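Note sheet for the following structure.
Values quoted throughout were computed directly from the atomic coordinates according to the rules given, and no laboratory measurement underlies them. Only a predicted model underlies this, so the values are computations on that prediction, with no experimental measurement involved. For neighbour counting, all protein chains shown are included, and Cβ atoms are generated from backbone atoms with ideal geometry for every residue, glycine included.
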Amino acid sequence: MKKLGLAPLAIAGFLLTGCATGGKNQTIGTFAGAAGGALLGSQIGGGTGQIVGTALGTLGGALAGGAIGKNMDDSEKTRSEK
């Protein structure tokens, strides 16, 4: 099977980042999580399993990174209001 390279991963990361409507940290967290999750997920299996692992890693990483970034944005907002 032909290697797809990192282009689809980058595209997925940019698309997922566009879904983030939160602050700066949430956006950065979503993108970084998607990229990291895709890299980790791509290490699982081979062939179709590797594609599925990459997709699930991208999604899971984006969700986790976005949640962490949102928490950081909320903390910064709380501190600035004091």
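Before moving on, here are some points about what is shown:
- Filtering 57, 45 for residues that are farther than 18 Å from residue 22 by Cβ and within 16 Å of the chain's Cα centre (by Cα) leaves a single hit, 57.
- Search result, residues across region 52-73 that are in contact (Cβ under 8 Å) with a residue 12 or more places away in the chain and surrounded by fewer than 22 Cβ atoms within 10 Å (Cβ to Cβ): 53, 55, 56, 59, 60, 63, 64, 67, 68, 70, 72, 73
- Qualifying residue in region 74-82 (condition: surrounded by 16 or more Cβ atoms within 10 Å (Cβ to Cβ) and either part of a helix (DSSP H, G or I) or touching a helix residue (DSSP H, G or I) at 6+ places or on another chain (Cβ under 8 Å) (or both)): no
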